[in-house]
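Quick notes on the structure that follows.
The values are calculated or read from the model by the stated rules, or taken from the named source; none is laboratory data. Since this is a predicted model, take the numbers as computed values, not measurements. Neighbour counts are summed over all protein chains in view; Cβ atoms, including those assigned to glycine, are modelled from backbone coordinates with ideal geometry.
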Amino acid sequence: MTTSRLRNAFRAIPAIPLTALAVLAVQVLRAALRPDLPSFPNQDPSGRFGDPSLPHLRVVALGDSSITAPGVADLDNIWIRRIARTLSDRYHIELISLAVGGSKAGDVVEGQLAEAVRLRPDVAVVSVGANDALRGVTPERYRRHLETIVTNLATTGAGVMVFGVGDLGSIPRLPLTVRKWATRRSADFDRVAREVVVSIPRAVKAYTRGRSSTAFFEEPGLFAGDLFHAGDAGHAIFAADAIEAVEAAIAGRHVA
């Protein structure tokens, strides 16, 4: 999520009295505008992995900065590329990222979904929801958008892996008062992602409420220098969370 978008995070707390909301707004703005912290560009993890003589597997990734990985120093450490390398002993992986940093699920519907469907992936990886949770989107609206994304991708015959939403309360850049709220919101949005996946054939979800839910609280070094996005070591945790679900999505795809 970009700094300008982080400025809007206080709008995502509508049920709090106005006086408390004003205090939270100031805290979030201070966090967003900290001049002592760096800002990192988004990146494109697309690439090809493995021997071209192996069975071809097209993986299309949609979503937000959890895929574009600002703050990750080595491109190969981005979690989706880690997974591609893991699979490259069995497949020739063609990884195509359509992700855009700062995206909400509605942005994926409007700006990424049509191209993803056109590409006819074998596996589609969807990682979106953190910006929805932090920027005041209702869980119901997120549900509608995520259902649209996953349903349309599954209709192509692709196996669909939804990453879900980890515990956003671990983000060091957020004020403590906001972190408690972010923990509750992210749990709600992760539950919605799980419910959506259960209702759609060929869709699976990564389990993001286990190791990563504690690791990011216990190990600040998992974050990038902006204290907001995951760094190289944090993406290793993401990869460990997601690999089994990606394998399940591969097994669940429709093979003509």
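Filtering region 132-141 to residues that are in contact with a helix residue (DSSP H, G or I) (Cβ under 8 Å, 6 or more places away or on another chain) and surrounded by fewer than 24 Cβ atoms within 10 Å (Cβ to Cβ) leaves 135, 136, 137, 139, 141.
Scanning region 47-81 for residues that are more than 18 Å from residue 232 (Cα to Cα), touching a helix residue (DSSP H, G or I) at 6+ places or on another chain (Cβ under 6 Å) and crowded, with 24+ Cβ neighbours inside 10 Å turns up 60, 61, 62. In this structure, residue 233 does not qualify as out of contact with any Leu (no Cβ under 8 Å at 6 or more places or on another chain), in a helix (DSSP H, G or I), of a type in the set (Gly, Ala, Ser) and at pLDDT 95 or above. Of all residue pairs spaced 6 or more apart or on separate chains, those with beta-carbon atoms under 6 Å, a first member in region 64-91 that is under 14 Å from residue 102 (Cβ atoms) and a second member that is among the hydroxyl-bearing types (Ser, Thr, Tyr) are 64/103; 66/127; 67/97; 67/127. The set of residues in region 190-223 being of a type in the set (Ser, Thr, Tyr) and either over 19 Å from the mean Cα position of the chain (by Cα) or closer than 30 Å to residue 37 by Cα (or both) consists of 199, 208, 212, 213, 214. Residue count for region 178-228 satisfying the condition of being part of a loop (DSSP other than H, G, I, E, B) and either over 12 Å from residue 166 (Cα atoms) or touching a Lys or Arg at 6+ places or on another chain (Cβ under 6 Å) (or both): 10.
If residue 71 satisfies all but one of (1) in contact with a Pro (Cβ under 9 Å, 6 or more places away or on another chain); (2) among the small types (Gly, Ala, Ser); (3) within 21 Å of residue 206 (Cα to Cα), what's the number of the condition it fails? Condition (3) is where residue 71 drops out.
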